[in-house]
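Visitor: Sharing a structure below in structure tokens format, with a few things to ask.
The values are calculated or read from the model by the stated rules, or taken from the named source; none is laboratory data. Just so we're clear, the structure is a prediction, and the values are computed from it rather than from any experiment. Here Cβ is always computed from backbone atoms with ideal geometry, including for glycine, and neighbour counts include all displayed protein chains.
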Amino acid sequence: MIRKLFKNARIVTPLDPGRPLAGEDQGKVTRIERGALLCHDGIIEAIGDGKEVAAHNPGHDLDVEVDCGGRCLIPGFVDPHTHMCFAAKREEEFSQRLEGMEYLEILRRGGGILSSVRAARAASEEELFSTTRQNALSALKFGTTTLEIKSGYGLETETELKMLRVIERIGRETPLDVIPTFLGAHAIPGEYAKAPDTYVDILIEKMIPAVSQQGIARFCDVFCEKGAFSVEQSRRILSCAREAGMGLKIHADEVHDLGGAGLAAKLGVASAEHLLAANEENLRAMAEKEVIGVLLPATAYSLRKNYAPARKMVGLGLPVALATDCNPGSSYTESMPFVFGLAVLAMNLSVNEALVASTLNAAYAVGMEKEVGSLNKGKKADFLLLDGESPAVLAYHAGVSPVQEVYKGGELVFSM
Ligand code: NIG
Ligand code: FE
């Protein structure tokens, strides 16, 4: 039994009311000026004003006492959407995009996601583990303590399973909590370019059953987009995954308003991602079903697109979360502070709204709300010490990481 007290901290955290925070509550956080956090074997036992927490715990049975020096203490980030299990970077493609070639046009020509597929198929499991581990540890340094990672660069059973094994191993062999998502429906593989429905049949008849039999994916995701999967194909795939016991996610209306957000509402998925082009009626329907809207501003930034209408979403009562989308194509960053800054300065979320979006609501998006996402009694002591007095420093001090220390389950796992 290890008891640790972290005192003299400016604590800012959402408190979990048992549901995602939306609308006027999107920015609902508690601020404790001279706060303290007491944890017991990595689980939060008490949090509040320093004096109250000290009274709760007569000092003598403490194993460790840390003076936070008045720094701001917030929950560890939950990054609920990444494709960071990849074998090779795509710097050349980035240059092509800078010269004006569209992201979906690169994919249509067999590059983009499909070039990552060639690299992932060719890589050994060990190679893939080593690149993914590097990405995950980088995310940890930027304050991510819970991380979703998708497969989707295999597009065949064998390589998809290889990716999911690697992703699961990242969860076992790094300090991070990792949530694996099956994204076999990321693109139509070259072999089926002329018969996309045949690939959908294979997903339904072979791949989803194989993945669910191994029990190594918590969610199933689909890239619903022109040139990838139609709304009807997405519906078939997600319905099958639901029957197989997986949670559901969808890349919806990233480039075109196909109606992915409407499907997200109809199916009542856990989260719909991107939503740059989603229409108001479908966003409203999502809000009614409490589907989390996961916004990926680093993707809009890198693709030079308009940002998702975050203010409108909050106005509609849609619970908003934030993620990096870390991948070698459309958004190459592991940094939640960067995403936080974009959310505040480019999408006009308030600092408190962005904090809720990158912690509590993000935890709901990956089904981890009982364990992480806020500093509530009974949750894991996953938190960050910032080089600043409030979470505003994450947007204010641009282009660097103000994350000085990262604690996972009460253990120091990164220090600047
Ligand atoms: O979320 N849009 C689809 N998937 C990723 C990009 C993956 C890639 O380009 O490799 C995304 O942006
Ligand atoms: Fe994505």
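Visitor: Looking only at region 288-311, filter to residues that are within 19 Å of the chain's Cα centre (by Cα) and more than 21 Å from VAL344 (Cα to Cα); which one of those is farthest from ligand 1 (Cβ to nearest atom)?
Guide: Going through the qualifying residues, I end up with GLU290.
Visitor: Restricting attention to region 312-323, which residues are within 16 Å of ligand 1 (Cβ to nearest atom) and in a loop (DSSP other than H, G, I, E, B)? Talk me through it step by step, then tell me what you get.
Guide: Looking only at region 312-323, we keep the residues that are within 16 Å of ligand 1 (Cβ to nearest atom), and these are 321-323.
Residue satisfying the conditions is ALA323 alone.
Visitor: With the requirement that a residue be β-branched (Val, Ile, Thr) and more than 16 Å from ligand 1 (Cβ to nearest atom), what does region 56-92 give you? Explain how you work it out, then say what you get.
Guide: Of region 56-92, the ones β-branched (Val, Ile, Thr) are 64, 66, 74, 78, 82.
Those that are β-branched (Val, Ile, Thr) and more than 16 Å from ligand 1 (Cβ to nearest atom): VAL64, VAL66, ILE74, VAL78.
Visitor: Kindly provide the set of residues from region 256-266 that are part of a helix (DSSP H, G or I) and either in contact with a strand residue (DSSP E or B) (Cβ under 7 Å, 6 or more places away or on another chain) or within 14 Å of ligand 2 (Cβ to nearest atom) (or both), ordered by number.
Guide: The answer is GLY260, ALA261, LEU263, ALA264.
Visitor: Follow-up. Any residue at all in region 172-188 that is free of Cβ contacts under 8 Å to residues at least 60 places away in the same chain, on the phi > 0 side of the Ramachandran plot and buried (at least 24 other Cβ atoms within 10 Å of the Cβ)? Steps first, please.
Guide: Our first condition is that a residue be free of Cβ contacts under 8 Å to residues at least 60 places away in the same chain; within region 172-188, this holds for 172-174, 178, 180, 184-185, 188.
Adding the requirement that they be on the phi > 0 side of the Ramachandran plot leaves none.
There is no residue in region 172-188 that is free of Cβ contacts under 8 Å to residues at least 60 places away in the same chain, on the phi > 0 side of the Ramachandran plot and buried (at least 24 other Cβ atoms within 10 Å of the Cβ).
Visitor: For region 373-402, name all the residues that are more than 23 Å from ASN348 (Cβ to Cβ) and in contact with a Gly (Cβ under 7 Å, 6 or more places away or on another chain).
Guide: Across region 373-402, the qualifying residues are LYS380, ALA381, ASP382, PHE383, LEU384.
Visitor: If I go through region 402-416 residue by residue, how many of them are farther than 8 Å from LEU384 by Cβ and either of a type in the set (A, V, I, L, M, F, W, C) or not in a strand (DSSP E or B) (or both)?
Guide: Adding up the residues that qualify gives 7.
Visitor: Answer with yes or no whether LEU360 is assigned by TED's automatic domain parsing to the domain that holds ALA88, closer than 24 Å to THR181 by Cα, within 14 Å of the chain's Cα centre (by Cα) and surrounded by 20 or more Cβ atoms within 10 Å (Cβ to Cβ). I'd like the intermediate steps shown before the answer.
Guide: Numbers: assigned by TED's automatic domain parsing to the domain that holds ALA88: yes; closer than 24 Å to THR181 by Cα: yes; within 14 Å of the chain's Cα centre (by Cα): yes; surrounded by 20 or more Cβ atoms within 10 Å (Cβ to Cβ): yes.
So LEU360 passes the test.
Visitor: Yes or no: region 267-281 includes at least one residue that is within 29 Å of LYS194 (Cβ to Cβ), more than 15 Å from ligand 1 (Cβ to nearest atom) and modelled with pLDDT of 95 or more. Steps first, please.
Guide: Initially, region 267-281 is screened for residues within 29 Å of LYS194 (Cβ to Cβ), giving 267, 273-274, 277.
Checking which are more than 15 Å from ligand 1 (Cβ to nearest atom) leaves us with 267.
Narrowing further to those that are modelled with pLDDT of 95 or more: 267.
Looking through region 267-281, at least one residue is within 29 Å of LYS194 (Cβ to Cβ), more than 15 Å from ligand 1 (Cβ to nearest atom) and modelled with pLDDT of 95 or more.
Visitor: Inspect region 328-336 for any residue being touching a residue at least 12 places away in the same chain (Cβ under 8 Å), assigned to a helix (DSSP H, G or I), more than 22 Å from ALA22 (Cβ to Cβ) and within 11 Å of ligand 1 (Cβ to nearest atom) and give the result as yes or no.
Guide: Taking region 328-336 first, the residues touching a residue at least 12 places away in the same chain (Cβ under 8 Å) are 328-336.
So of that shortlist, the ones also assigned to a helix (DSSP H, G or I) come out as 336.
Okay, now just the ones that are also more than 22 Å from ALA22 (Cβ to Cβ), so none.
Within region 328-336, none of the residues are touching a residue at least 12 places away in the same chain (Cβ under 8 Å), assigned to a helix (DSSP H, G or I), more than 22 Å from ALA22 (Cβ to Cβ) and within 11 Å of ligand 1 (Cβ to nearest atom).
Visitor: I'd like the full set of residues that are farther than 19 Å from LEU384 by Cβ and either basic (Lys, Arg) or surrounded by fewer than 16 Cβ atoms within 10 Å (Cβ to Cβ) (or both), limited to region 24-59.
Guide: Result: GLU24, LYS28, ASP41, ASP49, LYS51, GLU52, ALA55, HIS56, PRO58, GLY59.
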